[in-house]
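Presented below is the structure to which this report refers.
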Amino acid sequence: FWHRNRAIAVSVVVTAAAIIIGAFAATAGYIQARESERAAVLEAQNAEAISGFLVSLFEEANPDVSAGDERSVRDVLAIGRERVDSELADSPITQARVSATLSEVYKGLGDYEQAQDLQQHAVALVEAHAPEDLEMLAMLRVDMGDILRIRGDHDAAVATLHAALAAFEASGAGISPEWASALNNLGLTHEEMAQRDAALARLEQALHMREALFESPHADIANSLHNLAWIYSRGIDLEKAEQYAIEAVAMREAVFGEMHPRVAVTVGQLARIYLARGMLDDAELAARKSVAIAEQIHDTGHPDVSYAYYELADVLQEKGELEESRDLFAQVTAWERVSLGEQSYDYAYSLKAYANVLVELGEFDTAEPLLRQSLAIFDAGPGSARRAWHNALVNLADLLTKAGRFDEAADLLGAGVEIDERYETEHAQQLRSAAIERLDAARN
């Protein structure tokens, strides 16, 4: 038949092939369309559930609902935290998203313990119910890693952020703002662990990725500039640090306006850089500007207000205005004890700084318990806290030397003091050697 009717046969085969291919294409298209429709419906249901939950949550601030009681943001958040599990139990992914949202709000309020609990809950829900959603898992771990970093658990932060990076790579979704955030947060963690080369590498990767993703000026690019300024200010290159900080301030003002929390933080950082460069008047102007912005946009005692006060107190101490510096540090420690808790590393740093001003004023009896408390907080923390612990120990030895308690100072600086080489820098060793020289000179 083929030989006798080749033209007809070819036509039949081509037609049949076209029908089969068309059928496959139509079937695949139908399946894809149904899958897209199913995903869209699911997304709409999630969005509706989230919207409904949040609307009902903020109705709690309505006096008709609260029986006339005024409820703060924290009150409403506490109610939301109690209700999220019960009201969204049938939709664990929606529950995870709401938990992550509440975590971000708590983080913004400076309540990092609540933020961590909620973020861990969100991660656990997705791991249990949607482990194939690598991109969502990665995004949740990025925020989780940053909270762990802020709370000083650096080893856990590194592990969490590496897991996020691995998930981004495995997802095949391409570069994203969240991927850049993972690199950024990992860089910050490495810096806090005194791993400067790794920190710079990750932060520069984050900057390049953000510059590829966004058109300047952009908030994320400004964030990278701010963080690179911070790294370079840590004894690497103060001129480059100043350049990055000035760029970051200008970009954040372009994006947010002058009266914004991120502008206040970067201006405060610029003050610290000017201080390190010996530009004391410029440092004081920048620090006071940071304080003015922070006080206008935050409640009294917010961590950003404490940070701005800390920077100003540091500048005033260097300028010899010790009484005002002491009073500011006293206020900072009082606020941070409440807002951050008595085991917070920021609180420990502030105690140490406050004590050092008191030592300069000769108020040894008041300063000593503050330094010992700071030491205890750092000593109870993870290994990465040993760098700060060592600096506080040197400060305490100097206090004892100035107070004439030479034997006690010698014991603190003696060979029996355990030093963790992973976190001690050459600079820290120089500080210790200098303290020993001061002790010997005082004894003689």
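The values are calculated or read from the model by the stated rules, or taken from the named source; none is laboratory data. None of these values were measured; they are calculated from a predicted model. Heads up, the Cβs are rebuilt from the backbone with ideal geometry, glycines too, and the neighbour counts pull from every protein chain shown. Each accessible area value is taken on the protein alone, full model and side chains, heavy atoms only, with ligands, DNA and RNA left out. Shrake-Rupley method; radii C 1.70, N 1.55, O 1.52, S 1.80 Å.
Report the relative contact order of region 209-337, percent, no decimals, based on alpha-carbon pairs under 8 angstrom and at least 6 residues apart. Don't jump to the answer; show the numbers that get you there.
Values: 172 pairs, mean separation 23.1, N = 129.
Normalised by residue count, the contact order of region 209-337 is 18 percent.
What percent does the relative contact order of region 346-414 come to when contacts are Cα pairs within less than 8 Å and at least six residues apart? Walk me through the intermediate numbers first.
Values: 65 pairs, mean separation 18.6, N = 69.
This gives 27 percent for region 346-414.
Taking only protein heavy atoms into account and a 1.4 Å probe, give the accessible area per residue of region 243-348 in Å². Present the calculation step by step, with values, prior to reporting the outcome.
Numbers: 4670 Å² over 106 residues.
Normalised by residue count, the accessible surface of region 243-348 is 44 Å².
Built from the Cα atoms of region 201-258, the convex hull projects on average onto 3.7 nm², one quarter of its surface area.
List, in the order given, every pair from 289/402; 289/319; 319/352; 107/240 whose Cα-Cα distance in the structure shown is over 25 Å. The partial results should precede the final answer.
Details: 289/402 35 Å; 289/319 17 Å; 319/352 18 Å; 107/240 30 Å.
Result: 289/402; 107/240 exceed 25 Å.
Label positions at residue 430 and residue 380, each projected 7 Å from the Cα along the C-beta direction, are separated by 3.4 nm. At the residue level, residue 333 shows approximately 10 square angstrom of accessible surface with a 1.4 angstrom probe and all protein chains present.
Of interest is the spacing of the C-alpha centroids, which for region 262-305 and region 126-146 amounts to 35 Å.
Sparsely packed loop sites in region 192-237 (the chymotrypsin sites (Phe, Trp or Tyr not before Pro) outside DSSP H, G, I, E and B with at most 15 other Cβ atoms within 10 Å) comprise 214. Model label sites at residue 104 and residue 366, defined 7 Å from Cα along the beta-carbon direction, differ in position by 4.3 nm. Computed from the Kirkwood radius of its Cα pairs, the Stokes-Einstein diffusion coefficient for region 232-346 at 37 °C and 0.692 mPa s stands at 230 µm²/s.
Give the residue list of trypsin sites (Lys or Arg not before Pro) in region 290-338 that are DSSP loop and have at most 16 other beta-carbon atoms within 10 angstrom.
Numbers: sites: 319, 326, 337; in loops: 319.
Sparse-neighbourhood loop trypsin sites (Lys or Arg not before Pro): 319.
A simple spin-label model places the labels of residue 155 and residue 403 3.3 nm from each other, with each point 7 Å out along Cα-to-Cβ. Per-residue surface analysis assigns residue 282 an accessible area of about 70 Å², computed on protein heavy atoms at 1.4 Å probe radius.
Fully extending the segment from residue 443 to residue 292, taken as 0.36 nm per residue of separation minus the present Cα-Cα distance, adds 49.8 nm.
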